[in-house]
Structures are given as structure tokens and as C-alpha cells.
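Asker: One structure, as C-alpha cells, below. Some questions next.
What follows is calculated from the coordinates using simple rules that are stated; it is not laboratory data. Since we're looking at a predicted model, the values are computed, not measured. Glycine gets a Cβ as well: all are built from the backbone with ideal geometry, and neighbour counts include every protein chain shown.
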Amino acid sequence: MTGRADREVAVQAEGVKRVRADLACFGGEPAFADDIRVGTPNVPAKERYLELVSQAIDRRWLSNLGPLVQEFEGRAAERTLRRHNTATSNATAALQVAAKACGLTGEVIMPSFTFVATAHAMSWIGLTPVFCDVDPATGTLDPLSVAKAVTPRTGGILGVHIWGNLCDSAALDEVARDAGVPLVYDSAQAFGCRPLAPGPMGSAEVFSFHATKILNTFEGGLVATDSDEVHARVRSMHNFGFDEAMRVIGPGTNAKMSESSAAMGIASIERLDATLATYRSLHLRYREGLAQVPGVTLFEAPAGQTHNHQYIVVRVDPGAAGLDRDRLFDVLGAENIRTKKYFAPGCHRMPPYRSDAVHTPLDLPVTEELTERVLSLPIGLSVSPQDVDRICDVIAAAVRHA
């Protein structure tokens, strides 16, 4: 085994050497002198942030639903198009509050193909994640797989909008109605993504403003809903169970957003249109740069929705490309291009869940394929069009020498 492993390492090193020789413009050195990576935080308006946070310090109002949080909630509402919006300390807390406010109980059906925080958030509050499969074109929850997973123990459905791709909300709403359970969305990766035609969007949805998201508040989240009743419960639960008169009306937690986080959110949302335009242009640059690379296919935005293009995700077909996703990951890493395997392994393969059959009652063939083939490439305000060209050149060279 050791000899075989040594040979594989030697073959891989020789492959990287051939890629570098082919990219003569890099002078035999890595394509990037410093790391260029997925998830570098955007800071589009540093001076504006400092101005706003200075105001909060002068007011001595740093938390507890201050004026900056209220302003940020109002600005976010213009993007979510939901009647009620509650800013939170992070999206995990927002998911837990939303689940309780919407009445999720028992077993909650969700995709395995998601960041593990989705499953952990439910497990942490005593709910049982039940994983089902996803659509191969979008990576979002497959309504047919959800319907097959429904049992008398099902107490909710949690859809996840992956990479800004929206779930088939109409079909999931029908499944939820037939099952008599609430439907909630994890929209962590979908701020700024809306259906073009009005339709059902679940009892509530949760957005993330983590540092790596297209709009960040350092750490933060948002619960958005059109229901007055759900909104009232969210407002109370995220503030220790208090109502507007500061009377405790039920159990709650501390999931409030700080004024400092809201200041970052306001500064960023004021520049969001420009940020989205940059992401769109980089997406087009990747599309052009990879169009002629066999076996490396860029996931495109689904029709019928707006899209934030926050993630550049490719599917690697080993038969056509001559190398698999993991080998391409290694080659890019050798060029200081730090990519991500979103999402590998699937949640159902992780230790907290893989040992209990209740979590995975169905086969998940699409999930298994996607976890082995998809790769997320760098994008963001720190990535230039020329950076994109170099990344595409490295990918093309890797395929040529595969």
C-alpha cells in the first residue's frame, strides 16, 4: 500500500509540474503568489461602517434592538419582500427560533446536501433530521423525495436554497399541505434571490449574514415571514421571551443582533447593487473561460428567479475531463487557488447522523454524486477579472494534461 501511495503522489506531482510548464506566463511558479480562496469576506464600505458604529458608540446604545438594527431590518425587507423581518445574532440561532415559532416538531425532512449547520440547528433543539435527495440540476430539495420520506412522525419540512438556487416552492408547499406540516426555508445562501412570479414561500425563511456571505454583518441572520402570528413569536423568542411591553410571555433565547453588526449590514446593503453587479460580471467571465473545457460544467442560475451569483460552482465529470473533482482540487491548491467541496460529505455521512437509520430512510443517489463532483471556485470583491482568467487557465491546463 505504501508503494502504491508513493506512486500516486509522484504521478500527482508530475501532473502539477506539467500544468505549470504549460502555463508559461506564470514562470513555473504557482499561478498566485498568495492564496486566492472561496469565502473571502467583502468589505465594500469601510468608512461608512465606521461612521455608523461611531454613532452607536456616541448614543451608548450598543445592543437591545437599537436604531441601527431597526434600520437594517427595514432595508433588508426591501430585498426579502416579506412583511416582517427580524435580525438575529447569527443564522443558526435564526433557524432555531424560526423552527420553534413555526411549530416544527418531531422529524424534520431536509436535504443531506447542505452545510451541516442546517441539521445541527434542528438536532440542537430536539428535532430529528430526516435526509432526502435533491434535484441534480439545482442541488435543491427534490419534492418527490420529500413526499416519499413523509411518515406519521413527520413534523416539518426544511428546504434549503443552495448556492442561491431557489427550491421548487410550489411543489414543496403542496407536499407540506398534504402532510399537514409547516414548511420553513434555510435561505442562508439566497439573499437577493427571489422568484419572478409571486407564489408560496413557506411559513418563514432564514437568511445568513456570516462574514463569507455576499452581504455580511460580521455574524448575523434574519427571520423573514409574512405571518403576523409567526412574527410575534419570533420577536419574543429572540429576546428572552419578552413581548413589546417587556413582559415574559414564554420561553426564549438571546438571538438579538448588535448595533455593530447592523452598522456593517447597513453599510453593505447600501452598496449591494454594485456588489451584485460585480458578482454577475465575474460569473459571466467564468462562463466564458470554462465554456470550452471538457468535463467541467458551470452550474447556471435557474430560470424564473433573480440570482445573486454568490457561488461559482462547477461539476467535474471524470470521464470527459480525464480527472476527478478531488484531483482538480489538489491541482488548484498547488497553484494557491483554495476551493471548496460544497458539500462533501453529505450530512447523512457525518458521524452524528450516519449511525442512525432514522436519519436516512431513502437512498440518496443524486446527493452521493454531487458530493463527489462539485467544486466551488473563488469569487467576491477581492477577485479580479484577471484572477478569473488565470483560474480558468489552470483548470483548462489540468484537463489538457489529465
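Asker: Would you be so kind as to identify all helices of the chain, as entire DSSP H runs, whose Cα atoms reach 24 Å or more along the helix's own axis and whose mean Kyte-Doolittle hydropathy is at least -1.0?
Answerer: Span-like helices in the chain: 2-22, 272-290.
Asker: Could you state the per residue volume, in Å³, of the convex hull enclosing the Cα atoms of the range 127-243?
Answerer: Spelled out: Cα convex hull of the range 127-243, divided by residues, is 130 Å³.
Asker: Relative contact order for the chain using alpha-carbon pairs under 8 Å, separation at least 6, rounded to a whole percent?
Answerer: Rounded, it is 24 percent for the chain.
Asker: For Rg and Dmax of the Cα atoms in Å, the listed values are (1) 21.3, 77; (2) 21.6, 67; (3) 22.3, 72; which was obtained by calculation from the structure presented?
Answerer: Computing Rg and Dmax of the Cα atoms in Å and matching it to (1) 21.3, 77; (2) 21.6, 67; (3) 22.3, 72 gives (3).
Asker: Considering only Ala197, Ala179, Ala274, give the residue with the highest GNM mean-square fluctuation for the chain, with springs between Cα atoms whenever their separation is below 10 Å.
Answerer: Highest fluctuation among the options: Ala197.
Asker: So which GluC sites (Glu not before Pro) in the range 227-303 pass both tests, a DSSP loop state and at most 11 other Cβ atoms within 10 Å of the Cβ?
Answerer: Glu244
Asker: Helix-only estimate, please: 222 nm mean residue ellipticity of the chain, summing -39500 (n - 2.57) across DSSP H runs of length 4 or more and dividing by its residues, to the nearest 500.
Answerer: It comes out at -13000 deg cm²/dmol, rounded to the nearest 500.
Asker: So what are the ³J(HN,Hα) numbers for the range 148-161, from phi and the Karplus equation (6.51, -1.76, 1.60; θ = phi - 60°), rounded to whole Hz, Gly and Pro as x?
Answerer: 5, 8, 5, 9, x, 8, 5, x, x, 10, 10, x, 10, 7
Asker: Near the amide H of Ala204, under 5 Å away, which other amide H atoms are found, from residues 5 or more places off or on another chain, if H is placed in the peptide plane?
Answerer: Counting only residues 5 or more places away or on other chains, the set is Tyr185.
Asker: Now for a different question. What FRET efficiency do you get for Val358 and Ala197 if R0 is 41 Å and r is their Cβ-Cβ distance, rounded to the nearest 0.05?
Answerer: Once rounded, the FRET efficiency stands at 0.65.
Asker: Specify which residue in the list Thr278, Ile249, Leu222 is farthest towards the positive end of the charge dipole of the range 222-285, using unit charges on the beta carbon of Lys, Arg (+1) and Asp, Glu (-1), about the Cα centre.
Answerer: With unit charges placed on the Cβ atoms, the residue in question is Thr278.
Asker: Report the calculated FRET efficiency for Arg59 and Ala320 (r = Cβ-Cβ distance, R0 = 51 Å), to the nearest 0.05.
Answerer: The calculated FRET efficiency here is 0.30.
Asker: Still on this model: State, as an integer percentage, the relative contact order of the range 60-140 based on alpha-carbon contacts under 8 Å between residues 6 or more apart.
Answerer: 23
Asker: Restricting to Cα atoms and excluding each atom paired with itself, what does the Kirkwood estimate give for the range 46-269 in Å?
Answerer: By the Kirkwood definition, the hydrodynamic radius is 17.6 Å.
Asker: How are the alpha carbon pair distances in the range 28-121 distributed across 5 Å bins from zero to the largest one, expressed in percent?
Answerer: Values per bin, smallest distances first: 2, 9, 12, 15, 16, 14, 12, 9, 6, 3, 1, 0.
Asker: Run the dipole for the range 158-272 about the Cα centre, Lys and Arg Cβ at +1, Asp and Glu Cβ at -1, nothing else charged, and hand back the magnitude in debye, nearest 20.
Answerer: Charge dipole, the range 158-272, about its Cα centre: 320 debye, nearest 20.
Asker: In the range 246-327, what chymotrypsin sites (Phe, Trp or Tyr not before Pro) fall in a loop by DSSP, with at most 10 other Cβ atoms inside 10 Å?
Answerer: Here no loop site has a sparse enough neighbourhood.
Asker: Of Asn64, Gln96, Cys193, which is farthest on the positive side of the dipole of the chain, counting Cα position, with +1 on Lys and Arg Cβ, -1 on Asp and Glu Cβ, and the Cα centre as origin?
Answerer: With unit charges placed on the Cβ atoms, the residue in question is Asn64.
Asker: At Arg400 and Glu78, where each label point lies 7 Å from the Cα along Cα→Cβ, what is the point-to-point distance in nanometres?
Answerer: Inter-label distance under the simple model: 4.7 nm.
Asker: Full-extension gain between Glu300 and Arg280, please, as 0.36 nm times their residue separation minus the C-alpha to C-alpha distance.
Answerer: That pair, Glu300 and Arg280, stretches by 6.1 nm at full extension.
Asker: Counting only Cα atoms, I'd like the Rg/Rh figure for the range 60-172, Kirkwood definition for Rh.
Answerer: That ratio equals 1.02.
Asker: Counting Lys and Arg as +1 and Asp and Glu as -1, each charge on the Cβ, what is the dipole of the chain about the Cα centre in debye, to the nearest 20?
Answerer: 440
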